[in-house]
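Undergrad: Sharing a structure with you now.
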Amino acid sequence: MYDVVVVGKANIDYLARGAELPRPGEGINGDDFQEACGGKGANQAVGAARLGARVALIARIGNDHRGSRVLAALKADGVDASQVTCDDTAHTGVALCQVDARGNKQILSAAGANARLTAAMVRNASPLLKSCKILLCQLGVPFEAFAEAVRIARSAGARVVLDPAPGFPLPQEILRELEVVRPNALEAQAMTGLAVVDKDTARAAAQHLVEHGAKAAAVQAGKDGDVLVWRGGETWLPRFEVQRVDVTGAGDAFASALASCLAMGDELPRAGRFASASAALATTRLGAQASLPTRAQVEALLARS
Ligand code: RIB
């Protein structure tokens, strides 16, 4: 039995930090460099495992040294990687991450083997999907693979949490299967057609997602925090004050914490607050997977705040 099964991307991240992000056509000298495991799927699997959840990842890597590194990192964090399969004809996904002095980021990825995850491969992993409490997904793998995972997990009674990155409009049949959808402002806009620029517009986008089928939606409203809307209620998840270094991986920390808490029986508002604290901690260190906190670290921040 798994608390959380994740379907998503596994990458190696190459991250450079400088004073500013380069504009198109510009080259800038930075200072810090980090090469580390990443990819939203792998990050969220590791994030949930660090919070004490029993986790498995369904993903596709290349038959190369980066793929070996991905597997080693998953195993080191106690993630079941038996359904992280290897493709002989594509490279392991890579992401080029750029971070500025204020912690803002931009990322360009080359999907490689991530784009080769098929619905048939997901069906092969049915025993995992049928034995989890929460299926945690993003939209970085082929849509058919994602949709098949949702179908199998829901048929066995699992709940689905979606971090819709990259954002695009989802069919209502899929939205109806979601326990919680958690877009950032740009993803919410891509999904709903509503511009998300402040608290009111974040709330409107969250309400739209709930009216169109999701049981709950948590939408980022910039510095105002996140609005969490469900049928018949809403709450605001405030930002935790921390020293921000790099926002890469903060969304993964949020999604994995939300999924772990729901799997372990927490109510949505409590899970949301825990997820906000986890995301805040992830911004205090450089990198994605490298910055994901442990349960003790999140509980310490909650106790201080
Ligand atoms: O969410 C952060 C992740 O996005 C990075 O680890 C990178 O691999 C990209 O997929």
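Undergrad: I'd like the full set of residues that are in a helix (DSSP H, G or I) and of a type in the set (D, E, K, R), limited to region 196-205.
TA: Lys199, Asp200, Arg203
Undergrad: Can you report the number of residues in region 86-105 which are touching a strand residue (DSSP E or B) at 6+ places or on another chain (Cβ under 8 Å), among the polar types (S, T, N, Q) and farther than 12 Å from Asp64 by Cα?
TA: Counting residues in region 86-105 that are touching a strand residue (DSSP E or B) at 6+ places or on another chain (Cβ under 8 Å), among the polar types (S, T, N, Q) and farther than 12 Å from Asp64 by Cα gives 1.
Undergrad: Now a separate question. More than 15 Å from the ligand (Cβ to nearest atom) and either buried (at least 24 other Cβ atoms within 10 Å of the Cβ) or touching a residue at least 12 places away in the same chain (Cβ under 8 Å) (or both): which single residue out of Gly38, Gly30, Gly25 fits that description?
TA: Every option except Gly30 fails the conditions.
Undergrad: If you don't mind, another one. Could you please find all residues in region 168-186 being touching a Pro at 6+ places or on another chain (Cβ under 7 Å) and within 16 Å of the ligand (Cβ to nearest atom)?
TA: Across region 168-186, the qualifying residue is only Pro183.
Undergrad: When only residues in region 227-268 that are acidic (Asp, Glu) and within 16 Å of the ligand (Cβ to nearest atom) count, which is nearest to the chain's Cα centre (by Cα)?
TA: Taking region 227-268 as the starting set, the residues that turn out to be acidic (Asp, Glu) are 234, 241, 246, 252, 266-267.
After this cut, where a residue has to be within 16 Å of the ligand (Cβ to nearest atom) as well, the list is 246, 252.
Working: Asp246: 16, Asp252: 3 Å.
For region 227-268, the residue satisfying everything is Asp252.
Undergrad: Please indicate, with yes or no, whether at least one residue in region 65-76 is in a loop (DSSP other than H, G, I, E, B), charged (D, E, K, R) and away from the ligand (no atom under 16 Å from the Cβ). Lay out the reasoning, then the answer.
TA: We begin by selecting, within region 65-76, every residue in a loop (DSSP other than H, G, I, E, B); these are none.
Within region 65-76, none of the residues are in a loop (DSSP other than H, G, I, E, B), charged (D, E, K, R) and away from the ligand (no atom under 16 Å from the Cβ).
Undergrad: Please enumerate the residues belonging to region 130-167 that are within 16 Å of the ligand (Cβ to nearest atom) and under 20 Å from Val229 (Cα atoms).
TA: Once the filter is applied, which keeps residues that are within 16 Å of the ligand (Cβ to nearest atom) and under 20 Å from Val229 (Cα atoms), region 130-167 yields Leu136, Cys137, Gln138, Val161, Leu162, Asp163, Pro164, Ala165, Gly167.
Undergrad: Evaluate the following for Val55: is it of a type in the set (A, V, I, L, M, F, W, C), in contact with a strand residue (DSSP E or B) (Cβ under 8 Å, 6 or more places away or on another chain) and within 30 Å of Leu301 (Cα to Cα)?
TA: yes
Undergrad: Have a look at Val180, Val245 and point out the one that is in a strand (DSSP E or B) and among the aliphatic types (A, V, I, L, M). So that I can check it myself, show each step before the final result.
TA: Working: Val245 fails: in a strand (DSSP E or B).
Answer to the selection: Val180.
Undergrad: Out of Arg17, Arg50, which single residue is closer than 16 Å to Asp252 by Cα, basic (Lys, Arg) and either away from the ligand (no atom under 13 Å from the Cβ) or out of contact with any Ser or Thr (no Cβ under 6 Å at 6 or more places or on another chain) (or both)?
TA: Every option except Arg50 fails the conditions.
Undergrad: Within region 80-93, take every residue that is crowded, with 20+ Cβ neighbours inside 10 Å and in contact (Cβ under 8 Å) with a residue 60 or more places away in the chain and give me the one that is farthest from Asp13 (Cα to Cα).
TA: That would be Val84.
Undergrad: Right, something else. Looking only at region 206-219, decide whether some residue is surrounded by 24 or more Cβ atoms within 10 Å (Cβ to Cβ) and assigned to a helix (DSSP H, G or I).
TA: Looking for residues that are surrounded by 24 or more Cβ atoms within 10 Å (Cβ to Cβ) and assigned to a helix (DSSP H, G or I), one finds at least one in region 206-219, hence yes.
Undergrad: Restricting to region 277-300, name every residue that is surrounded by 20 or more Cβ atoms within 10 Å (Cβ to Cβ), part of a helix (DSSP H, G or I) and away from the ligand (no atom under 14 Å from the Cβ).
TA: Ala277, Ala280, Leu281, Val298
Undergrad: What's the total number of residues in region 41-52 that are over 13 Å from the mean Cα position of the chain (by Cα) and either without any contact (Cβ under 8 Å) to a residue 40 or more places away in the chain or over 23 Å from Ala296 (Cβ atoms) (or both)?
TA: 1
The numbers here are math on the coordinates, done by the rules we state, and not lab data. Every value quoted in this text rests on a predicted model; they were computed, and no experiment measured them. Using ideal geometry, Cβ is built from the backbone for each residue, glycine included, and neighbour counts are taken over all protein chains shown.
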